[in-house]
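Read through the structure below, which is laid out as structure tokens, and then see the notes.
Derivation of every value follows stated rules applied to the coordinates shown; laboratory data play no part. Nothing here was measured: the structure is a model prediction, and the numbers come from that model. No Cβ is skipped: glycine too gets one built from the backbone with ideal geometry, and neighbour counts run over all protein chains shown.
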Amino acid sequence: MSFEKCLLAAQGYLELDMPVDALAELDSMPLEERDVESALQLRLFITMKSHKWDDSLQICDRLRELYPEAVSGYIHGAFCLHERGRTDSALDLLLSGPPSLAEEATYFYNLACYSAVLGDLDGALNYAQRSFAMDGKFRDIAKIDPDLIELRGRL
């Protein structure tokens with residue numbers, strides 16, 4: 001089966017909430033195609049949706065190794081670390097990423113969340129405001145995000 005057909009089949013299984021079949025479809029690809037960015041991204045989405053944080057972290061490591069300027073390996077890798085209770089490492093990972101991260105509202109929103117959890121409320125507020133300025137949807141998300149509960153009266 002062609003690369004594109006494998007990706008489409010995996011996406012279809014995922015839409016049907018069949019993550020095991022989606023991963024099996026990706027595993028059927030030739031080895032050299034498994035490291036194509038779109039294949040890694042889809043594998044990451046599947047494992048994150050299944051809350052397989054350690055597997056997801058490994059995929060993020062691979063994304064950062066092969067595609068160091070791509071933001072997803074940093075944003076999603078940090079999220080996985082945060083979900084594993086390693087928020088300090090999540091913050092460090094985001095801050096170590098490429099300059100292109102500064103173009104992403106999600107980057108600043110996640111910095112706000114991790115900073116708030118770690119007790120840096122002033123820094124968190126600054127990051128949150130930057131994310132809101134870039135994409136207003138984050139203001140609504142922040143109202144219900146448990147990571148930002150300490151900032152509720154200041155947002």
Fill in the blank from the handout: So, with points 7 Å from each Cα along the Cβ direction, the ALA105-HIS51 label distance in nm works out to 2.8
Exercise for the section: Only Cα pairs under 8 Å and at least 6 apart count here; give the relative contact order of segment 1-81 as a rounded whole percent. Expected result: 21
Handout entry: Angle in degrees between helix 121-134 and the longest Cα principal axis of the chain, rounded to the nearest 10
Key = 60
Handout entry: Between 0 and 90°, nearest 10: helix 72-83 axis offset from the chain longest Cα axis
Key = 70
Practice task
State, as an integer percentage, the relative contact order of the chain based on alpha-carbon contacts under 8 Å between residues 6 or more apart.
Solution key: 12
Exercise for the section: Subtracting the Cα-Cα distance from 0.36 nm times the residue separation, let me have the gained length for VAL20 to GLU33 in nm, one decimal. Expected result: 2.8 nm
Exercise for the section: Let me know the shape class of segment 92-138, please: from the alpha-carbon gyration tensor, a ≥ b ≥ c as square roots of the eigenvalues, rounded when a/c is under 1.5, otherwise prolate if a/b is greater than b/c, or oblate. Expected result: oblate
Practice task
Compute the signed sum of charges (Lys and Arg +1, Asp and Glu -1) over the other residues within less than 13 Å, Cβ to Cβ, of VAL36.
Solution key: -2
Exercise for the section: May I ask you to compute the full-extension gain from ASP122 to ASP135, defined as 0.36 nm times their residue separation minus their alpha-carbon distance, rounded to one decimal in nm? Expected result: 2.7 nm
Practice task
Towards the positive end of the charge dipole of the chain, with charges on Cβ (+1 Lys, Arg; -1 Asp, Glu), say which of LEU155, LEU31, VAL117 has the farthest Cα.
Solution key: LEU155
Handout entry: Debye-sum result for segment 33-105 in log10 I(q)/I(0), which assumes one identical scatterer on each alpha carbon, at q = 0.15, 0.16, 0.19 Å⁻¹
Key = -0.43, -0.50, -0.70
Fill in the blank from the handout: The relative contact order of segment 3-50, taking Cα pairs under 8 Å that sit 6 or more residues apart, comes to a percentage of 37
Handout entry: Size of electric dipole in the chain: Cβ of Lys, Arg +1 and of Asp, Glu -1, about Cα centre, debye, nearest 20
Key = 500
Exercise for the section: Would you please put 142-153, 19-30 in order of how densely packed they are, using the mean number of other Cβ atoms within 10 angstrom per residue and starting with the highest? Expected result: 19-30, 142-153
Fill in the blank from the handout: Helix 105-117 sits off the longest principal axis of the Cα atoms of the chain, rounded to the nearest 10 on a 0 to 90 degree scale, by 60
